[in-house]
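Below is one structure, written out as structure tokens; comments come after it.
Please treat every number below as a calculation from the coordinates, not as lab data. Note that the structure is a prediction, hence the values are computed from the model and not measured. Note that we place each Cβ from the backbone using ideal geometry, even for glycine, and neighbour counts take in every protein chain shown.
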């Protein structure tokens, strides 16, 4: 079955050196060294036809706008070269140097108009400024104008108390930070103002499928003003997309079906952070589970992704 992986990281040495410490990698997990050849080898083993790449946590901004702009450009040009060399195997989401808005607008134009990448990756917060904050309004207005595919990935919480449990951020805090971002985007009205943007949220949206009924109660009680303008959380969730990275078990699939519908779910491997044998096994588990109908399985593995990504859809006849 044609398989498209929308959650697939590139971690070139220059990105890793500038953003992660070897003794304390962001999230608490240090993946093996990354290379294009290694990525293709994994894809072949996992029977993945196309991977849409993105950089990972913490993004490119470490406190200096100029360095962040340069690192974003270097990452995006590397991703574009991968696509150029193997358009049949790779797509790419561009990174932006948020919270630098002017630099992000410049890089967005370059990445989409010149490099012709397939969308952008944003992180749940950038140096403590969450998606949905008014500071980002010009960036989201441009994403809306372009109808961009926006892949949202978690990063570490800016709250220092979140790091005092002695646990890796990837265990609890990443999924919670994704949930914070989704809530902020919804209740700020950002989702309502950007209906042309095609959002894809990592890890099945963090805790959102489980908490959907809680959002419904908050909406029903009109706890947060502005409900008439933004609409309900339930309706909003069914307009978003959600990936299966680290979230492919049957109970999660049942939650996704009931909250968002399987036509809004896409496959993601989280390569290379997930241990290789687990990453190879996860698509097979989705192929084998009795929880999915044939139609749902096709939607997850390629149908929805092909609707989101016209360049890759145009290559479909060349994909096995």
task: Considering only residues that are assigned to a helix (DSSP H, G or I) and exposed (fewer than 15 other Cβ atoms within 10 Å of the Cβ), look in the range 264-280 and name the one that is nearest to the chain's Cα centre (by Cα).
output: 278
- prompt: With 88, 64, 113, 45 as the choices, which residue is loosely packed, with under 15 Cβ neighbours inside 10 Å and in contact with a strand residue (DSSP E or B) (Cβ under 8 Å, 6 or more places away or on another chain)?
  reply: 88
- line: Going through the range 112-128 in order, the residues found to be more than 13 Å from residue 202 (Cα to Cα), free of Cβ contacts under 8 Å to residues at least 60 places away in the same chain, in contact with a helix residue (DSSP H, G or I) (Cβ under 8 Å, 6 or more places away or on another chain) and not in a strand (DSSP E or B) are 112, 115, 117
message: So in the range 129-140, with the set limited to residues that are under 17 Å from the mean Cα position of the chain (by Cα) and either on the phi > 0 side of the Ramachandran plot or part of a strand (DSSP E or B) (or both), which one is surrounded by the most Cβ atoms within 10 Å (Cβ to Cβ)?
response: 132
- line: Subset of the range 141-169, residues crowded, with 22+ Cβ neighbours inside 10 Å and assigned to a helix (DSSP H, G or I), comes to 143
query: Residues in the range 247-261 that are more than 15 Å from residue 235 (Cα to Cα), surrounded by fewer than 21 Cβ atoms within 10 Å (Cβ to Cβ), without any contact (Cβ under 8 Å) to a residue 40 or more places away in the chain and in contact with a helix residue (DSSP H, G or I) (Cβ under 9 Å, 6 or more places away or on another chain): how many?
result: 1
task: Please work out which one of (1) within 27 Å of residue 70 (Cα to Cα); (2) more than 16 Å from the chain's Cα centre (by Cα); (3) part of a helix (DSSP H, G or I) is the condition residue 177 fails and give its number.
output: (2)
- request: Return a yes/no flag: does the range 227-241 have any residue that is in contact (Cβ under 8 Å) with a residue 12 or more places away in the chain, surrounded by fewer than 12 Cβ atoms within 10 Å (Cβ to Cβ) and in a helix (DSSP H, G or I).
  value: yes
message: Against the definition (in contact (Cβ under 8 Å) with a residue 40 or more places away in the chain and over 19 Å from residue 75 (Cβ atoms)), how does residue 93 come out, yes or no?
response: no
message: It is to be established whether one or more residues within the range 174-186 are in contact (Cβ under 8 Å) with a residue 60 or more places away in the chain and under 17 Å from residue 54 (Cβ atoms).
response: yes
